[in-house]
Amino acid sequence: MKTDLATKALLVFMGSGMWALALTHWQAPVVTAQAAAQSAVQDVVRTQRLEVVDANGKVRVSISPQTYGYLLSMDDEKGKKRVGLFAGNDGSLLSLMDETGKTRAVLGTADSTPTTLRLTNEKGKTVFEQPRPAWMDAKPNPYREYR
C-alpha cells in the first residue's frame, strides 16, 4: 500500500498535535499542585495548643496552656523533656534538663522578686543558687511542676 506525501504530512501533524495535547495535560497538574501549595500557606495560625512531631510522629515540641500561664516544652529523641520555658502571669522560668530528665539549670524571675539562677549536679544537689526566691517555697507553687 502506497501512502502519498499529503497523507504522511497529515499523520505527522496529527501525531504532533496529540503529543502536544498530552504534554499540556501532563504539566497542568504540576502547576496546579504548586499553586495549591502556595495558596495553603497562612499568615496566621491560631490554636490553643501546638505540637510539633518528628518524622516518626513523636511529639518533640509543644506549646500548651497551664493553670498559671503557658509552657513551651522540648523533648529529645527518647521522649525525655530537655527544655521547659514557662511564661506565667507574674513571672517566667527556663529549665534545662539532662538526658535522665533531671533539672540541671533553672533561670527564673517573678514580679517583685530578684532573678534567680540555680545549677545542680547529676545527683540533683544544688551547686549554685543566687539568690533563692521566696516563690520557690510558696504554697501552692505554680512553678514547682516546671522545674
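Couple of notes before you dig in:
- Yes/no for residue 53 being surrounded by fewer than 14 Cβ atoms within 10 Å (Cβ to Cβ), within 14 Å of the chain's Cα centre (by Cα) and not aromatic (Phe, Trp, Tyr): yes
- Residues (free of Cβ contacts under 8 Å to residues at least 12 places away in the same chain, closer than 19 Å to residue 83 by Cα and in a strand (DSSP E or B)) located in region 94-127: 126
- Some residue of region 63-72 being exposed (fewer than 11 other Cβ atoms within 10 Å of the Cβ), part of a strand (DSSP E or B), modelled with pLDDT under 90 and not β-branched (Val, Ile, Thr): no
- Considering each residue of region 118-136 in turn, at least one proves to be at pLDDT below 85, surrounded by fewer than 17 Cβ atoms within 10 Å (Cβ to Cβ) and not small (Gly, Ala, Ser).
- Single condition residue 107 does not satisfy, out of (1) buried (at least 18 other Cβ atoms within 10 Å of the Cβ); (2) over 22 Å from the mean Cα position of the chain (by Cα): (1)
The values are calculated or read from the model by the stated rules, or taken from the named source; none is laboratory data. Source: prediction; values computed, not measured. Virtual Cβ from ideal backbone geometry, glycine too; neighbours counted across all protein chains shown.
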